[in-house]
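Heads up, the thing below is written out as structure tokens.
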Amino acid sequence: DQQVKQNSPSLSVQEGRISILNCDYTNSMFDYFLWYKKYPAEGPTFLISISSIKDKNEDGRFTVFLNKSAKHLSLHIVPSQPGDSAVYFCAAPRWGGKLIFGQGTELSVKP
Amino acid sequence: GAGVSQSPSNKVTEKGKDVELRCDPISGHTALYWYRQSLGQGLEFLIYFQGNSAPDKSGLPSDRFSAERTGGSVSTLTIQRTQQEDSAVYLCASSIGASGDGYTFGSGTRLTVV
């Protein structure tokens, strides 16, 4: 039962362009979403979050958009930089604080 | 310490052996989680500890897996009679409360069962 889905395992983008990472969810009870970033041999680190009462949250080059009717969220990175190359996971908390993660999307930003 | 510490960072074990993985959470974090990431897969929830409450073991894949958290701090994940499909990166995370907001992850233990 994959309640949080990232259907694109990988994405390649040119430096300076926009990266768009997508995430879909099935549980309409989710009211908060998070994005994590993971470099090889490191643990994931928290990047940005959004509450379901908003449809957009921006933090520097990173913006997350939430479309509740479509049960879809996306992470935009503008402009993309080679240091952004990593695996990005979206996640949603279930009762008790447990996070349900998507499968991840590996972003490669080419100079 | 300043972060979540996991040991060992790498473990190679023979099929059928038992292994113990350790996690030292951030001091004061009451919630502790274990996840694993198999090759090409996402983060799979295993078990969750919150304060003195009974742990949520709903993600443990079989009865060969167990975990404990002593004194509300250090946690040990034990895998008995390891199988090749147990090969994965095992990640521990801690957080201040149970909101699911902003885990701090350790760097993980890469387990290889040969």
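The values are calculated or read from the model by the stated rules, or taken from the named source; none is laboratory data. Predicted model only: the values in this text are computed from it and were never measured. So basically every Cβ, Gly included, is an ideal-geometry build from the backbone, and we count neighbours across all protein chains shown.
Determine the pairs where a residue that is in a strand (DSSP E or B), located within region B:1-28, has a partner that is among the acidic types (Asp, Glu) and at pLDDT below 95 with Cβ atoms under 9 Å apart, the partner being 6 or more residues away or on another chain.
Between residues of region B:1-28 that are in a strand (DSSP E or B) and residues that are among the acidic types (Asp, Glu) and at pLDDT below 95, there is no close pair.
Quick one: A:THR105 ticks every box in (1) out of contact with any Ser or Thr (no Cβ under 7 Å at 6 or more places or on another chain); (2) β-branched (Val, Ile, Thr); (3) closer than 24 Å to B:LEU46 by Cβ bar one, so which box is it?
Looking at each condition in turn, A:THR105 falls short on (1).
Which residues, taken from region A:33-51, are within 12 Å of the chain's Cα centre (by Cα) and farther than 23 Å from B:PRO8 by Cα?
Within region A:33-51, A:PHE33, A:LEU34, A:TRP35, A:TYR36, A:PHE46, A:LEU47, A:ILE48, A:SER49, A:ILE50 meet the criteria.
Do any residues in region A:44-55 that are over 10 Å from B:GLY102 (Cβ atoms) and within 7 Å of chain B (Cβ to nearest Cβ) have Cβ atoms under 6 Å from those of residues that are surrounded by 19 or more Cβ atoms within 10 Å (Cβ to Cβ) and among the hydroxyl-bearing types (Ser, Thr, Tyr), where the two are at least six apart or on different chains, and which pairs are they?
So the pair list comes out as A:PRO44/A:TYR36.
Can we say A:VAL109 is outside any loop (DSSP other than H, G, I, E, B), more than 13 Å from every other protein chain (Cβ to nearest Cβ) and in contact with a helix residue (DSSP H, G or I) (Cβ under 8 Å, 6 or more places away or on another chain)?
Criteria met by A:VAL109.
Restricting attention to region A:77-101, and to residues there that are over 23 Å from A:GLU42 (Cβ atoms) and at pLDDT 95 or above, which single residue is farthest from the other protein chains (Cβ to nearest Cβ)? Outline the logic, then answer.
As a first pass, look at region A:77-101 and keep what is over 23 Å from A:GLU42 (Cβ atoms): A:78-79, A:94-96.
From the residues that got through so far, the ones that are at pLDDT 95 or above too are A:78-79.
Working: A:VAL78: 23, A:PRO79: 26 Å.
So the residue we want is A:PRO79.
Which pairs turn up if I take residues in region B:43-67 that are assigned to a loop (DSSP other than H, G, I, E, B) and look for partners that are acidic (Asp, Glu) and modelled with pLDDT of 90 or more with beta carbon separation below 7 Å, at least 6 apart in sequence or on another chain?
Every condition considered, the pairs that remain are B:GLY59/B:GLU44.
Quick one: count up the residues across region B:48-69 that are under 14 Å from the mean Cα position of the chain (by Cα) and either under 16 Å from B:ARG22 (Cβ atoms) or of a type in the set (Gly, Ala, Ser) (or both).
8
Suppose the filter is surrounded by 14 or more Cβ atoms within 10 Å (Cβ to Cβ), closer than 30 Å to A:SER8 by Cβ, within 12 Å of chain A (Cβ to nearest Cβ) and not charged (D, E, K, R); does B:SER58 pass it?
Judged against the criteria, B:SER58 is not a match.
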